[in-house]
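Below is one structure; the comments refer to it alone.
The values are calculated or read from the model by the stated rules, or taken from the named source; none is laboratory data. Since the model is a prediction, treat every value here as computed from it, not as a measurement. Positions of Cβ are generated from backbone atoms using ideal geometry, with glycine treated the same way; all protein chains shown enter the neighbour counts. Heavy atoms of the whole protein, side chains included, go into the accessibility calculation; ligands, DNA and RNA do not. Shrake-Rupley method; radii C 1.70, N 1.55, O 1.52, S 1.80 Å.
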Amino acid sequence: MDSFLFQATIFLGAAVIAVPIAARLGLGSVLGYLLAGLAIGPGLGLVVNTEDIQHFAEFGVVMMLFLIGLELEPRALWDMRHRLIGLGGLQILLTTAAVSACGWLLGLAWPTSVAVGMLLALSSTAIVL
């Protein structure tokens, strides 16, 4: 049951089920893919060997970036450029600072807490979409 084709079938089946459900709920397809990953990984425990699925994960990140690019309209981005740079930059800075402070208070070294804060601040892009 740990064969490559079995795992590929699980990934594709989860995506085929989760994305239409997310679309029906008014959520984006990217969030549907993330929910599918949560369901088959920590949720149901269908995929447990993370070293074997690293290539799927890398392909998934590329596909997610591609989908984000398809959903963005250049004209709309250009019209919102001041809000995106101002409010988006402020959101990234405040989230980085808050998570970094929490990590530092929990005993992490400050470079590690800043790195974790930056990672979590930038990971919110997929959830917002």
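What accessible area per residue, rounded to a whole number of Å², is obtained for the range 1-110 using a probe radius of 1.4 Å?
Numbers: 8360 Å² over 110 residues.
Roughly 76 Å² per residue, with all protein chains present.
Relative to the first principal axis of the alpha-carbon coordinates of the chain, what is the inclination of helix 29-38, with its axis defined by its Cα atoms, in degrees from 0 to 90 and to the nearest 10? Taking the Cα atoms of the chain, the angle to 29-38 is about 70 degrees. Once C-alpha pairs closer than 8 Å and six or more residues apart are averaged by separation and normalised to the residue number of the chain, the relative contact order reads 19 percent.
Estimated from helical segments only, the mean residue ellipticity of the chain at 222 nm is -23000 deg cm²/dmol, where each DSSP H run of four or more residues counts as -39500 (n - 2.57).
Against the chain, whose longest principal axis is taken from its Cα atoms, helix 89-105 shows a tilt of about 80°. Dipole of the chain computed with +1 at Lys/Arg Cβ and -1 at Asp/Glu Cβ about the Cα centre; of G41, G86, P111, farthest Cα towards the positive end is G86.
With all protein chains in place and a 1.4 Å probe, the accessible surface of the range 21-120 carries 74 percent carbon and sulfur. Determine the shape class of the chain: with a ≥ b ≥ c the square roots of the Cα gyration tensor eigenvalues, call it rounded for a/c under 1.5, and otherwise prolate if a/b is greater than b/c, oblate otherwise. Oblate shape, in that a/c is at least 1.5 and b/c is the bigger or equal ratio. Counting every alpha-carbon pair across the range 1-74, the share separated by more than 20 Å comes to 31%.
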